[in-house]
Amino acid sequence: MIDVYYWPTPNGWKVTIMLEECGLEYRTLPVDIGGGDQFKPEFLRISPNNRMPAIIDRDPLGGGKPISIFESGAILEYLADKSGKFLPKDPAGRYAVLQWVHWQMANLGPMMGNANHFKNYAKNIADDPKQLEYGTKRFVGEVDRLCGVMDAQLAANRYLAGPDYSIADIITWPWAMLANRLIDDTIWEKFPNVKRWVDEVGARPAAQKGFARDREWGQRKLTDAEEKARRELLFNQTNDKVRAAREAAAKLR
């Protein structure tokens, strides 16, 4: 059994889709990122960066005691090795996939997250909307550039890393399929190969099931006070604010 510390967001969907694709037994444990669950000492013990997703595999690869893993890229690579699926064993094939996994972790995910922050969230908390113009332009522009990178790759390949579906597709799809929300539907006209790939991956039964997992957790309507507290939790953290939780987590190790 694999415990998945999870919330229904793009980073969470990466793991549930992968687990559905692999047919591995798992259960989801809620980490309400708007309610501050990511700062609880018990969670920090397994995810010291106070970010979900994280997993605990109670029947780990190679046997032995349960192991915990944080960071979605590391989790997908581990699950691929455990299941023997979606990551080639030969070095050339393996690194063809892993370079795109790292591309998503370092580029598409962070840039889309920042674009979403400046375009959609920050306007509710900024005193002067003009302060947001540079950040919005910078990160929305970078999303556009990265979609161009994907489109060129997908013009020559069915999937991101070549002819075969892999963890590169699984880790990228939950973010890429939301690109039109940051720009508009004209992005699909501009990048038709990305749209073709988004639709093809999204039609996979495992992708649909992983994407739908526990969607209701994140759909509760928040009060204005709860929304304000949520924004403070998500966007205004410093070391000082989480130091006590980290110290408590260290005592649990």
### Message
Can you tell me which condition Tyr121 does not meet? The list is (1) among the aromatic types (Phe, Trp, Tyr); (2) modelled with pLDDT under 95; (3) open to solvent by less than 40 Å² (accessible area, probe 1.4 Å), and all the others hold.
### Response
(3)
### Message
Just to be sure I understand, how many residues within segment 87-110 are open to solvent by 40 Å² or more (accessible area, probe 1.4 Å) and under 13 Å from Ile170 (Cα atoms)?
### Response
2
### Task
Just need a number here: residues in segment 38-68 that are in a strand (DSSP E or B) and in contact with a helix residue (DSSP H, G or I) (Cβ under 7 Å, 6 or more places away or on another chain).
1
### Message
What pairs come out if I take residues in segment 144-158 that are closer than 18 Å to Thr186 by Cα and β-branched (Val, Ile, Thr) and pair them with residues that are open to solvent by less than 30 Å² (accessible area, probe 1.4 Å) and outside any loop (DSSP other than H, G, I, E, B) whose C-beta lies under 9 Å away, six or more apart or interchain?
### Response
Val149/Leu108
### Query
In segment 67-82, how many are over 16 Å from Thr9 (Cβ atoms), of a type outside the set (Phe, Trp, Tyr) and either surrounded by fewer than 13 Cβ atoms within 10 Å (Cβ to Cβ) or touching a residue at least 12 places away in the same chain (Cβ under 8 Å) (or both)?
7
## Note on the structure
By residue number, the members of segment 174-189 that are surrounded by 15 or more Cβ atoms within 10 Å (Cβ to Cβ) and in contact (Cβ under 8 Å) with a residue 24 or more places away in the chain are Pro174, Trp175, Ala176, Met177, Ala179, Leu182, Ile183, Ile187
### Message
Here are the criteria: (1) modelled with pLDDT of 95 or more; (2) over 30 Å from Arg243 (Cβ atoms); (3) out of contact with any helix residue (DSSP H, G or I) (no Cβ under 8 Å at 6 or more places or on another chain); (4) among the hydroxyl-bearing types (Ser, Thr, Tyr). Tell me which single one Ser83 does not satisfy.
### Response
(3)
### Task
Among what's in segment 134-157 and is closer than 12 Å to Val194 by Cα and out of contact with any Lys or Arg (no Cβ under 9 Å at 6 or more places or on another chain), pick the residue that is surrounded by the fewest Cβ atoms within 10 Å (Cβ to Cβ).
Ala156
### Query
Within segment 162-173, can you find the residues that are under 13 Å from Val101 (Cβ atoms) and either open to solvent by 10 Å² or more (accessible area, probe 1.4 Å) or part of a helix (DSSP H, G or I) (or both)?
Ile167, Ala168, Asp169, Ile170, Ile171, Thr172, Trp173
### Task
Answer with yes or no whether His102 is part of a helix (DSSP H, G or I) and more than 27 Å from Tyr159 (Cα to Cα).
no
### Task
Within segment 210-221, identify whether any single residue is of a type in the set (A, V, I, L, M, F, W, C), modelled with pLDDT of 90 or more, open to solvent by 60 Å² or more (accessible area, probe 1.4 Å) and closer than 23 Å to Asn120 by Cα, and answer yes or no.
yes
### Query
So which residues in segment 75-99 are aromatic (Phe, Trp, Tyr) and in contact with a strand residue (DSSP E or B) (Cβ under 9 Å, 6 or more places away or on another chain)?
Tyr78
### Task
Tell me which residues, restricted to segment 83-97, are in a helix (DSSP H, G or I) and touching a residue at least 60 places away in the same chain (Cβ under 8 Å).
Ser83, Gly93, Ala96, Val97
### Query
Quick one: in segment 18-37, which of the residues that are of a type in the set (Asp, Glu) and assigned to a loop (DSSP other than H, G, I, E, B) is surrounded by the most Cβ atoms within 10 Å (Cβ to Cβ)?
Asp32
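The values are calculated or read from the model by the stated rules, or taken from the named source; none is laboratory data. Model, not experiment: these values are computed from the prediction. Please note: Cβ atoms are built from the backbone with ideal geometry, for glycine as well, and neighbour counts cover all protein chains shown. For the accessible areas, the whole protein counts, side chains as well, though only heavy atoms, and no ligand, DNA or RNA atoms are used. Shrake-Rupley method; radii C 1.70, N 1.55, O 1.52, S 1.80 Å.
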